[in-house]
1. Take the conditions open to solvent by 70 Å² or more (accessible area, probe 1.4 Å) and among the aromatic types (F, W, Y) and apply them to Y58. Does it pass?
2. Would you check which residues across the range 61-88 are at pLDDT 95 or above, more than 18 Å from K135 (Cβ to Cβ) and either of a type in the set (D, E, K, R) or in contact with a His (Cβ under 7 Å, 6 or more places away or on another chain) (or both) and list them?
3. Would you tally the residues in the range 47-69 being outside any loop (DSSP other than H, G, I, E, B) and either farther than 23 Å from N86 by Cα or in contact (Cβ under 8 Å) with a residue 12 or more places away in the chain (or both)?
4. Test I40 against the stated conditions and say whether it is open to solvent by 90 Å² or more (accessible area, probe 1.4 Å) and either modelled with pLDDT of 95 or more or closer than 22 Å to Y146 by Cα (or both).
5. With respect to Q81, is the statement that it is over 19 Å from the mean Cα position of the chain (by Cα) and over 16 Å from D106 (Cα atoms) true?
Amino acid sequence: IFTACDKDNYVLTDDELVVQRTPTEPKMVPFKGTFEVPPISDQTIICDEESGFALPKYNAITGNATHLGKIDPSLSEFTIQTCSINLDEGMLYLNDVIVIRNKKGDGFALEGTSAVDLSTSLGVGNYSISVGYGKFENASGTLTTYGNLNNVPPSFTAEGMVTQPNH
C-alpha cells in the first residue's frame with residue numbers, strides 16, 4: 001500500500017475521519033499588520049444626527065503588513081460607508097471598506113464592521129476579503145482589527161488568515 005506517499009493530501013477532521021483534500025484547495029497563511037489612518041478629505045459622515053457627531057469618511061492607510069511590506073497610502077484607503085451611535089450601549093458602529101496595497105499594487109479589499117467603545121475609543125472589527133490585487137488575485141480570508149480612535153492619527157492592527165499569495 002502506497003498511501004503513505006500521499007500523506008499531505010489527507011487531513012483529520014474533528015470526528016477523526018480521514019478525508020481527501022482537493023489539490024486546488026488554497027493554503028491559508030497568517031496575516032498581521034500595523035496601520036495608521038489619517039484623513040485625506042474634509043468630507044465627513046454623520047454618525048448621530050442629534051449631536052452632529054461625525055467622522056472623516058475617507059482616510060489613507062499607512063503602515064506595514066506581512067506578505068505586503070510597506071503599505072502605499074496612495075493605493076490604500078479606509079472608507080466609512082455608514083456609522084451610528086448607540087448611547088445606551090455607549091458604542092459607535094461602523095460599516096466600512098479597507099483597501100490595503102503596497103507599491104507593486106499587491107493587496108486586497110476588505111469589507112466589514114467595527115464596534116468602538118465610546119468611553120475608551122478602543123474598537124474591534126471583523127472583515128472578509130472581497131477583492132484581491134496582484135499576487136493576491138482571487139484571495140479569500142478574514143481579519144480582525146483592533147483600533148484606537150484617540151491616537152492621532154487613529155491607528156489599528158489587523159490579524160487573521162488569508163490565502164497564500166500567488167508568486
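1. no
2. E77, the sole residue that qualifies.
3. Here the count works out to 13.
4. It is true that I40 is open to solvent by 90 Å² or more (accessible area, probe 1.4 Å) and either modelled with pLDDT of 95 or more or closer than 22 Å to Y146 by Cα (or both).
5. Taking the combined requirement at face value, the residue does not satisfy it.
The values are calculated or read from the model by the stated rules, or taken from the named source; none is laboratory data. Here the structure is a predicted model, which means the values were calculated and not measured. Backbone-built Cβ (ideal geometry, glycine too); neighbour counts: all protein chains shown. These accessible areas exclude ligands, DNA and RNA; they are computed on the full protein's heavy atoms, side chains included. Shrake-Rupley method; radii C 1.70, N 1.55, O 1.52, S 1.80 Å.
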